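Contents: one structure, followed by commentary.
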Amino acid sequence: MSSSTNRYKVVLLGEGRVGKTSILLRYTRGEYNDKQVSTLQASYLDKGVRLNGEEVVLSIWDTAGQERFHALGPIYYRDADGALLVYDITDQSSFEKVRTWIKELRKIVGPNIHLTIAGNKADLEKHRAVSMAEAQSLADSVNAVHVLTSAKTDKNLSEVFTKLAMKMVSSRVGKRGSLVGSGSGPDRQTNRLVIVDEPPPQTKSKCC
């Protein structure tokens, strides 16, 4: 298990059915199911990646987007290092809700949380309802990166998480001077899906 210094908590936020779970499973496991069921409450996967020769672990939390689960959100994204905010490029309302998620994140986590915005379902470009100019304007206004993604075609999924990871790593390195610990081996990759009712404790056992 890698040092906690190299572990970063990332939350996926967005309305229901924008493709958060599909993004997570495609990125971490290479799996895609166009009939993917909606997430209930929250789940997470660990993904080991290497940046500049160092191994880091992204603990990626997939949170439920349905309105009835909204109140549970702060429980899961408290202490997050970064967030991937997902909207459906064919659904204007899902894009507008990104603004709400950002405000809530900054209220709970603080103004320095690192943000990346994903315009998902890029494979449905002909049905686009949100213009690139509008999406980029929002990203610029909140100091976020905007990337078009598609869980179906695996478009830019590695890129969007890598961009977010680089921002988080750079910030932590700036605070501490250097990364401490390099993981348990080259290119180690951990993929575990856990359905949880409560967030895991900060100190994890070897099995978690």
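Here the Karplus relation 6.51 cos²θ - 1.76 cosθ + 1.60, evaluated at θ = phi - 60°, turns the backbone of region 109-116 into coupling constants of 8, x, x, 9, 5, 7, 10, 9 Hz, with x for every Gly and Pro. For Thr153, no residue 5 or more places off, or on another chain, has a built amide H under 5 Å of its own.
Sequence-ordered 3J(HN,Hα) estimates for region 117-130 from the Karplus curve with 6.51, -1.76 and 1.60 and θ = phi - 60° stand at 10, 10, x, 8, 6, 4, 5, 9, 3, 5, 9, 4, 10, 10 Hz, glycine and proline given as x.
Taking each of Lys126/Lys167; Lys47/Lys126; Lys97/Lys121; Lys97/Lys126; Lys103/Lys126 in turn, the alpha-carbon distance tops 28 angstrom for Lys126/Lys167; Lys47/Lys126; Lys103/Lys126.
Every number in this text was worked out from the coordinates using simple rules, so none of it is lab data. Bear in mind that the values here come from a model prediction, so they are computed numbers and not experimental data.
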